[in-house]
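Single-structure report; data block below.
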Amino acid sequence: MSSLAEKDRPIVQLLLNTGTCPRCVLRFCCVGSQMLYRHPHKDLLKELQEFLKDAQEEGDTVCVGVADPPCKRLRLEPGEEGADDLKHNGAVPQLPSAGDGSAAAGSAAGSVCNVCLGILQEFCEADFVKKVCQKVNSADYQFTSFVFSVSLPPQLSVRERAAWLGMKQQMRNLGLPLPKDDIVQLKEAYKWIIHPQLSEELGVPADGKSLFEVSVVFAHPETDEECHFLATACPDCFKPAKNKQSVFTRMAVIKALEKIKEEDFLKHFPCPPSSPKNLCDALEIQCNNGAVFVAGRYNKYSRNLPQTPWIIDGERKLESSVEELISEHLMAQFKADSFNFSSSGREDVDVRTLGNGRPFAMELVNPHRVHFTAEEMKRLQQAINDSSDKIQVRDLQLVTREAIGRMKEGEEEKTKTYSALIWTDKAIQREDIAFLDDIKELKLEQKTPLRVLHRRPLAARRRLIHTMSSEYIDEHHFRLHLKTQAGTYIKEFVHGDFGRTKPNIGSLLNRTADILELDVESVDVDWPPTLAD
């Protein structure tokens, strides 16, 4: 076996003799050839046997025995530390000679691996790959590539450490040097084996940057408690966390293994680890598509429609919302699990949004369908518009996650224009309101309005009214057109909110003023891009 060197022979012999599978043997020998791991399990076992047999035929036998004299080639000189190790773990197992190599390898062939718990055995076979692909195909996702992820039982890290320490002890007792203490990671080796099989079966390439994820979650109930001694030895590493069913997470176990002293580990866990009776269980085979983002602009023509569902104490106040009227169609077409709606500001339930509309974006979580042509998006937009006379959508398009940030960039520096119908208690003439047209860059001090204080913190905000123009209607009514800094509370600017907004229209006119109707006429955010009709 060309990927193995002379220094690997005793490691191969020791690991096979303790019930380690051929692929884990390659991992411990730091073999980086992906193709070698893909060889059938039985073929690998045969190749390892031949590798050991060749060594014996060349006369390069590693001999070990407690009662027998040491081999002439290698002088066994265990120090005090080696002697202590022997006391704790018992006599070092006899390494198989050329004649009984098949017996040692036979145990590896017929039993569950004492390190990977069968993951690099049964779960690399074609039957399991087909099972995964059947799950993927039945989920009916659109994808052109995939990324494969695997969740392993945390006790595998404990068993890897135990196998390494057991090998380290035995190599030391043989008087042999041990190579560097790193191995090929189990996840990496598993992906080397499984990727090409999945790719062939699914008909698409594996791609680490793919948004479509196929994941497998493994568990091994028989050995679940093997991590528990670490909680006693390293209690600081195991702390309860939100959304975690157990404190024995993979990262917590790895952290504890880095911290625990070698002698403490040897006291609590057999080195090498024993072979389990059962294979791992593939608890879950899951698929997930990365989120898709849709953006556009909406107009709201109703004065009885909230932007988002209006629910107070579990009771719905109005039957629908802008968010729901749009999301209903997007969710159905993209076949998504859920969504997140965002927009450039928001209007009150009784405020219309006119002009070019308000920019919005929707994140569609785990969509099964992700590919839409421009024509299909146009038809989807039309379906939304045909479904209700309360809203209209324009410029509906697919965007990236990064592009959504432009909607929020410099939001307070953007401007918005409004049209407000205002009532005054005292009669007014045209000349009484004409001076409003001359006011430029009016600075306001606005405390959080009383009407939103239940959901927003109390704060004083400085806002600007850039320009105003008045339109006289009658003695008690006029329309005011305003261009303001985004985030300005217009209703409060009109009536003053009991003095919480200064100055206000009431104070400027020296009379009581109130707002009867408010329309948003433009939201000056140059996003998303305008599409041709």
Selection status of GLY499, in a loop (DSSP other than H, G, I, E, B), open to solvent by 30 Å² or more (accessible area, probe 1.4 Å), in the same structural domain as GLU517 (by the TED database) and within 21 Å of GLY357 (Cα to Cα)
no
For a quick check of your reading: which helices (runs of 4 or more DSSP H) sit entirely within the stretch 91-173 and have at least 2 residues that are modelled with pLDDT of 95 or more?
126-138, 155-173
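Which members of the stretch 226-244 meet the condition of being within 18 Å of the chain's Cα centre (by Cα) and either open to solvent by 80 Å² or more (accessible area, probe 1.4 Å) or at positive phi (or both)?
Our first condition is that a residue be within 18 Å of the chain's Cα centre (by Cα); within the stretch 226-244, this holds for 241-244.
LYS242, ASN243, LYS244, listed by residue number.
Identify all residues within the stretch 347-390 that are of a type in the set (Asp, Glu) and touching a Lys or Arg at 6+ places or on another chain (Cβ under 6 Å); write none if there are none. Write out each step before concluding.
At the first step, the residues of the stretch 347-390 found to be of a type in the set (Asp, Glu) are 347-348, 350, 363, 375-376, 386, 389.
Listed by number, the list holds a single entry, ASP350.
If you take the residues in the stretch 456-479 that are small (Gly, Ala, Ser) and open to solvent by less than 50 Å² (accessible area, probe 1.4 Å), which one is farthest from ILE439 (Cα to Cα)?
Quick first cut of the stretch 456-479, residues small (Gly, Ala, Ser) only: 459-460, 469-470.
Filter once more, so that each one left must be open to solvent by less than 50 Å² (accessible area, probe 1.4 Å): 459, 469-470.
Values: ALA459: 26, SER469: 9, SER470: 11 Å.
The selected residue is ALA459.
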Of the residues in the stretch 422-438, those that are in contact (Cβ under 8 Å) with a residue 40 or more places away in the chain and of a type in the set (A, V, I, L, M) come to ILE422, ALA427, ILE428, ILE433, LEU436
Restricting attention to the stretch 245-267, the residues that are open to solvent by 50 Å² or more (accessible area, probe 1.4 Å) and touching a residue at least 60 places away in the same chain (Cβ under 8 Å) number exactly 3
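The values are calculated or read from the model by the stated rules, or taken from the named source; none is laboratory data. All values reported here derive from a predicted model rather than from experimental measurement. Because the Cβ atoms are built from the backbone with ideal geometry, glycine has one as well, and the counts that use them run over all protein chains shown. In case anyone asks, the SASA skips ligands and DNA or RNA and just uses the protein heavy atoms, side chains included. Shrake-Rupley method; radii C 1.70, N 1.55, O 1.52, S 1.80 Å.
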